[in-house]
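First the structure, in the form of structure tokens, and then the observations on it.
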Amino acid sequence: MGKKKKRAELEPEPELVDDRETRNELDPANGDSNEKTKKKKKKKKKRDKQNDDAPMELPTVSIALPGSIIDNTQSYELATRLAGQLARAMTIFRIDEVVVFDNKRTSENDYRASAANNSDEDESGTDFLIRILRYLETPQYLRKALFPMHSSLRFVGLLPPLDAPHHLRKHEWAPYREGVTVKGRVPNSGGTLVDVGLSKDVLIDQVLEPGVRVTVAMGTNRNLDDDIPRQVVPSSKPKEESGMYWGYKVRYASNISSVFKDCSYKDGYDYVIGTSEHGDIINSSELALPAFRHLLIAFGGLAGLEESIEADDKLKGKKMREVFDSYFNTCPHQGSRTIRTEEAMFISLQYFQEPISRALQKS
């Protein structure tokens, strides 16, 4: 960011059923086909059982926004407050993933090199926003261990806390807690100590390097003096088990096409929504979204999503409806010439809340 500058239902097709196995089973002319069919059925049952045993992938909601919105702020304090507003919106509306995209870099390596620099002289708005969002999502008791001192964090003390469910107090007990591995060792344990924000570190059943953030299943034993190993679980476990919101993840994308191409979910986003004052106007109560696994809602910067599309070599010249499955104006009849991204975030996420809930009921 450097020295701050002024920045100005179609009906579904019937499922085709292959009845060859059934015909073979009933036809004595096929000799040993009965035996083969039985073996195939056993294999199929085994595959089905494996699928049933696999962890259920819950639907997720992601948002994408440009880091350039930070470049329009006049000071680090205002930039920090802007990032804080965005983090609050993401937490209030239970966003699972935030993708901050940048139109100025060409690769992930450029971002990594800049992010590793503790100086703010060459820090872009994208670097700044990602750092603040990750810092705010982290429980307070872990921040000192996970975030070295940085000039970009100088004003974070002015921000209201996210107060997310995983930001637990010292006296609170919960089935899961976020923690960070520490250097200490318990004799003859073969595990690792983890600071989970309680009066005493807990032991986990894995050997990990110090400084690693983990999600720990605390179990029912509240006696911290018992060095009973506790289990490290995926960070998605609290949501899978009890529907508890467990914060958002932050991802960097070098441009808007990388938001889609480098999706962190195996099968990508299955429904993508763009927001713009030029989008379709539909009442939220009348909006019907399809059932989805991974939904993405994209926001633009000062000049809207259209500018981000034009700045991307892979998408340049494409119409918005070629890039997004749907394209909405979530705040028609606006009184101001412009709606700032942090304002659009609250407006749009409230607009989509009920349509998303109805779509999830279809899943």
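Values as computed for the structure displayed
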item: Single condition residue 305 does not satisfy, out of (1) farther than 22 Å from residue 101 by Cα; (2) in contact with a Ser or Thr (Cβ under 8 Å, 6 or more places away or on another chain); result: (1)
item: Members of region 271-290 that are touching an Asp or Glu at 6+ places or on another chain (Cβ under 9 Å) and either open to solvent by 10 Å² or more (accessible area, probe 1.4 Å) or assigned to a loop (DSSP other than H, G, I, E, B) (or both); result: 271, 272, 276, 278, 284, 285, 287, 288, 290
item: Considering residues of region 56-70 that are open to solvent by 30 Å² or more (accessible area, probe 1.4 Å) and farther than 14 Å from residue 300 by Cβ only, the residue farthest from the chain's Cα centre (by Cα); result: 56
item: Failed criterion for residue 361 (all others in (1) surrounded by 13 or more Cβ atoms within 10 Å (Cβ to Cβ); (2) at pLDDT below 95 hold); result: (1)
item: Filtered residue count, region 241-260, keeping only those that are among the charged types (D, E, K, R) and under 15 Å from the mean Cα position of the chain (by Cα); result: 2
item: Condition met for residue 206 (under 19 Å from residue 166 (Cβ atoms) and not small (Gly, Ala, Ser)); result: no
item: Subset of region 291-328 [assigned to a loop (DSSP other than H, G, I, E, B) and under 21 Å from the mean Cα position of the chain (by Cα)]; result: 291, 292, 293, 299, 300, 324, 325
item: Filter pass, residue 102 being open to solvent by less than 50 Å² (accessible area, probe 1.4 Å), in contact with a His (Cβ under 8 Å, 6 or more places away or on another chain), modelled with pLDDT under 95 and over 27 Å from residue 240 (Cβ atoms); result: no
item: Residue among 302, 287 that is within 14 Å of residue 68 (Cβ to Cβ), among the hydrophobic types (A, V, I, L, M, F, W, C) and touching a helix residue (DSSP H, G or I) at 6+ places or on another chain (Cβ under 7 Å); result: 302
item: Extreme residue, surrounded by the fewest Cβ atoms within 10 Å (Cβ to Cβ), among residues of region 206-240 that are touching a strand residue (DSSP E or B) at 6+ places or on another chain (Cβ under 8 Å) and in a helix (DSSP H, G or I); result: 237
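The values are calculated or read from the model by the stated rules, or taken from the named source; none is laboratory data. Computed from a predicted structure; not experimentally measured. Positions of Cβ are backbone-derived with ideal geometry, glycine not excepted, and every protein chain shown enters the neighbour counts. The area values use the complete protein model at the heavy-atom level, side chains included, leaving out ligands, DNA and RNA. Shrake-Rupley method; radii C 1.70, N 1.55, O 1.52, S 1.80 Å.
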